[in-house]
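Q: The structure's right below; bear with me while I get my questions together.
The values are calculated or read from the model by the stated rules, or taken from the named source; none is laboratory data. Please read all numbers here as calculations on a predicted model, not as lab measurements. Cβ: placed from backbone, ideal geometry, glycine included. Neighbour counts: every protein chain shown.
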Amino acid sequence: MQDKNSVGIVQSKIFKSEAALLLDCGRKLENYELVYETYGTLNQKKDNAILVCHALSGNHHLAGYYTKKDKHPGWWDNLIGPGKSLDTNKFFVIGVNNLGGSHGSTGPKSINPKTNKNWGSKFPILSVADWVNSQKELITHLGIKKLKAVLGGSLGGMQALQWSIQFPDALDHTIVIAAAANLTAQNIAFNEVARQSILTDPDFNQGDFYEKKLVPKRGLRLARMLGHITYLSNDVMKTKFGRKTKTKGYRYNFEPEFEVESYLNYQADKFVNEFDANTYIRMTKALDYFDPTKNNIKNLSRIFKKVRSQFLVISFTSDWRFSPDRSKEIVKALLDNNIKVSYAEIDAASGHDAFLMSNDHYHAILKNYFLKMLNKK
Amino acid sequence: MKRNNKRSDFEIISNWVGDRSKVLDLGCGDGALLNYLAERKNITGFGIEKDKDNWLLSLKNNIDVIQMDLEAGLSGFEDGSFDVVILSKTIQSMHNIEALMKEMLRVGREVIVTFPNFGYWRDRLQILMGQMPISDELPYQWFDTPNVHLCTVKDFDQFCSEHKIKVLDRLVVTKNRSVHFCPNFFGALALYQLVKK
């Protein structure tokens, strides 16, 4: 089960913020909690910390296992560990569950201290900037003034980008993977279908389903299935599933029989047990709202004027949700400002999901970039 | 884009690059030229490299390197955003040379182009003997060469005058020694410093 380069058994920790957080939506969150994990050791100078931001369905559990019997490691275990590309012998790696998440940080499922009930529909919609503010609180709490790097893929990459703009002096390197400076109409459209499937599920009950012991499984399942289709490329679906069926011949009923159907249903079932519907619709909103360019990509060059960190930007050829062209926009705006940037477009068949997969070239790039960080500023 | 006999043109290029210039090296290979210029001239350099293995070598050599295909143009770069744009021993493998030269002169205030001179007497001799030339500057067999647009010094001079490109300086060398007598016959490598007319 556990390879020798695993971080091994890990434990989550909780950071309780005393300071209230003023949100982009105008509301205020008091006394919130963030659940997080760390791997490796923070050195004496406290300058070897790397924050990893998670994507839509991710969480703070980046690597390792909770128990010896645990079958699945953290979601980025193929990258993070002693001797791995993000080497925990050298770096202090931090994973945090975003505020509003469903894995332990204060979120819609939590008890609102003012009402002693679950937040549910009353929980605010948070923005990427709000998350970054809360993450900064955690980093300060850990005694870190400047991060060596902030790293993330997809929505995680947007957070990394936001870090470089919001706290330009608090990080040396920004690593943006399979992301964009804002979402396209097509992306927002997919998010809206996902939200509608949840919002119209009768068990959703306007978001107040916890006390009624309901779970809007149908909506959440559909949202996840749709998501999974868009995270893969047509080519990889062809290779992975093709028109293969589980049994010989057609059954002429509506049970899943094509392998792609089984796959989607399996993913959907897994998801409803571990993810909160209120979190899902709020996270997709954070994605939709994220737009440091203020709806004009040309503004990006101006916004990057205050950036101080160096950049690594990575895209994947078959990723049609966050296409290489979107990454190139970021690269261009960085070059306009003379900011040190390297950009790689990785030949991968898996679509958007490629950023989570083990790929020798991709991981070699990250490994060497991390090593470079240690060699020179 | 493999760069052979790679240091032969570095020194001359370096003489054409001002201190603290912002330099873009197209087809930067392992980044050796940019590192050379960083040491000598304290430049800020960016490389462009399409090949993933060369790209990784550049990254390892501390180069800021952008992975893209030059054939697609330089649309990611603003007009005049670089002091110098360099195309070193790469032009012969490019398909759309007119478009690329235009793009280079748009993005760079000055452009440096170097290429193996196909008019070199050793190449002429090999063709006269009935075979495609193989040399230090042209190390490939006819069937595995990436080169599609080989040219002579005379060809390139003509290209510049026809495309309103001003040649600021031109050096033709053989084994790092400058050739002044019949350069199109005795010179193995041509180096041009160019600006828009």
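Q: Within the stretch B:131-139, can one find any residue that is closer than 29 Å to B:Phe77 by Cβ and either under 20 Å from the mean Cα position of the chain (by Cα) or without any contact (Cβ under 8 Å) to a residue 60 or more places away in the chain (or both)? Working first, answer last.
A: First pass over the stretch B:131-139, keeping only residues closer than 29 Å to B:Phe77 by Cβ: B:137.
Still in the running and either under 20 Å from the mean Cα position of the chain (by Cα) or without any contact (Cβ under 8 Å) to a residue 60 or more places away in the chain (or both): B:137.
Among the residues of the stretch B:131-139, at least one is closer than 29 Å to B:Phe77 by Cβ and either under 20 Å from the mean Cα position of the chain (by Cα) or without any contact (Cβ under 8 Å) to a residue 60 or more places away in the chain (or both), which makes the answer yes.
Q: Please go through (1) away from chain B (no Cβ under 13 Å); (2) over 19 Å from the mean Cα position of the chain (by Cα) for A:Ser350 and return the number of the only condition it doesn't satisfy.
A: Answer for A:Ser350: the failing condition is (2).
Q: Looking at A:Ser309, A:Ser318, which is the one that is in contact (Cβ under 8 Å) with a residue 40 or more places away in the chain, buried (at least 20 other Cβ atoms within 10 Å of the Cβ) and more than 23 Å from A:Ala129 (Cα to Cα)? Even if it seems obvious, please write down each step before you answer.
A: Details: A:Ser309 fails: more than 23 Å from A:Ala129 (Cα to Cα).
The conditions single out A:Ser318.
Q: In this structure, is A:Gly207 crowded, with 19+ Cβ neighbours inside 10 Å and either modelled with pLDDT of 95 or more or in contact with a strand residue (DSSP E or B) (Cβ under 6 Å, 6 or more places away or on another chain) (or both)? Talk me through it step by step, then tell me what you get.
A: Values: crowded, with 19+ Cβ neighbours inside 10 Å: yes; either modelled with pLDDT of 95 or more or in contact with a strand residue (DSSP E or B) (Cβ under 6 Å, 6 or more places away or on another chain) (or both): yes.
It is true that A:Gly207 is crowded, with 19+ Cβ neighbours inside 10 Å and either modelled with pLDDT of 95 or more or in contact with a strand residue (DSSP E or B) (Cβ under 6 Å, 6 or more places away or on another chain) (or both).
Q: Would you be able to tell me the number of residues in the stretch A:321-347 that are assigned to a helix (DSSP H, G or I), within 8 Å of chain B (Cβ to nearest Cβ) and either surrounded by fewer than 18 Cβ atoms within 10 Å (Cβ to Cβ) or touching a strand residue (DSSP E or B) at 6+ places or on another chain (Cβ under 8 Å) (or both)? Even if it seems obvious, please write down each step before you answer.
A: Of the stretch A:321-347, the ones assigned to a helix (DSSP H, G or I) are A:324-336.
Those left that are additionally within 8 Å of chain B (Cβ to nearest Cβ): A:328, A:331-332, A:335-336.
Imposing the further condition that a residue be either surrounded by fewer than 18 Cβ atoms within 10 Å (Cβ to Cβ) or touching a strand residue (DSSP E or B) at 6+ places or on another chain (Cβ under 8 Å) (or both) reduces the set to A:328, A:331, A:335.
Within the stretch A:321-347, residues that are assigned to a helix (DSSP H, G or I), within 8 Å of chain B (Cβ to nearest Cβ) and either surrounded by fewer than 18 Cβ atoms within 10 Å (Cβ to Cβ) or touching a strand residue (DSSP E or B) at 6+ places or on another chain (Cβ under 8 Å) (or both) number 3.
Q: Just to verify a result, which residue in the stretch A:240-283, among those that are among the polar types (S, T, N, Q) and loosely packed, with under 12 Cβ neighbours inside 10 Å, is nearest to the chain's Cα centre (by Cα)? It would help to see each step written out before you state the result.
A: So in the stretch A:240-283, the residues among the polar types (S, T, N, Q) come out as A:245, A:247, A:253, A:262, A:265, A:267, A:273, A:278-279.
The next check asks that each one be loosely packed, with under 12 Cβ neighbours inside 10 Å; those that pass are A:247, A:253, A:273.
Values: A:Thr247: 36, A:Asn253: 37, A:Asn273: 19 Å.
Top of the filtered list is A:Asn273.
Q: I need the full set of residues from the stretch A:210-239 which are over 19 Å from A:Gly153 (Cα atoms) and either of a type in the set (S, T, N, Q) or touching a Cys at 6+ places or on another chain (Cβ under 7 Å) (or both), in order please.
A: Matches in the stretch A:210-239: A:Asn234, A:Thr239.
Q: Right, another one. Between A:Ile297, A:Ile281, which is in a loop (DSSP other than H, G, I, E, B) and over 24 Å from A:Ile50 (Cβ atoms)?
A: On the way: A:Ile281 fails: in a loop (DSSP other than H, G, I, E, B).
That would be A:Ile297, the only listed residue that is in a loop (DSSP other than H, G, I, E, B) and over 24 Å from A:Ile50 (Cβ atoms).
Q: Go over the candidates A:Phe304, A:Phe355, A:Phe290 one by one and state the one that is more than 9 Å from chain B (Cβ to nearest Cβ) and touching a strand residue (DSSP E or B) at 6+ places or on another chain (Cβ under 7 Å). Before you say what the answer is, go through the steps one by one.
A: Details: A:Phe304 fails: touching a strand residue (DSSP E or B) at 6+ places or on another chain (Cβ under 7 Å); A:Phe290 fails: touching a strand residue (DSSP E or B) at 6+ places or on another chain (Cβ under 7 Å).
When all the criteria are applied, what remains is A:Phe355.
Q: Looking for whichever is assigned to a helix (DSSP H, G or I), within 14 Å of chain A (Cβ to nearest Cβ) and touching a helix residue (DSSP H, G or I) at 6+ places or on another chain (Cβ under 6 Å) here; the options are B:Leu34, B:Leu59, B:Leu74. Which one fits?
A: Working: B:Leu34 fails: touching a helix residue (DSSP H, G or I) at 6+ places or on another chain (Cβ under 6 Å); B:Leu74 fails: assigned to a helix (DSSP H, G or I).
Sole residue among the options that is assigned to a helix (DSSP H, G or I), within 14 Å of chain A (Cβ to nearest Cβ) and touching a helix residue (DSSP H, G or I) at 6+ places or on another chain (Cβ under 6 Å): B:Leu59.
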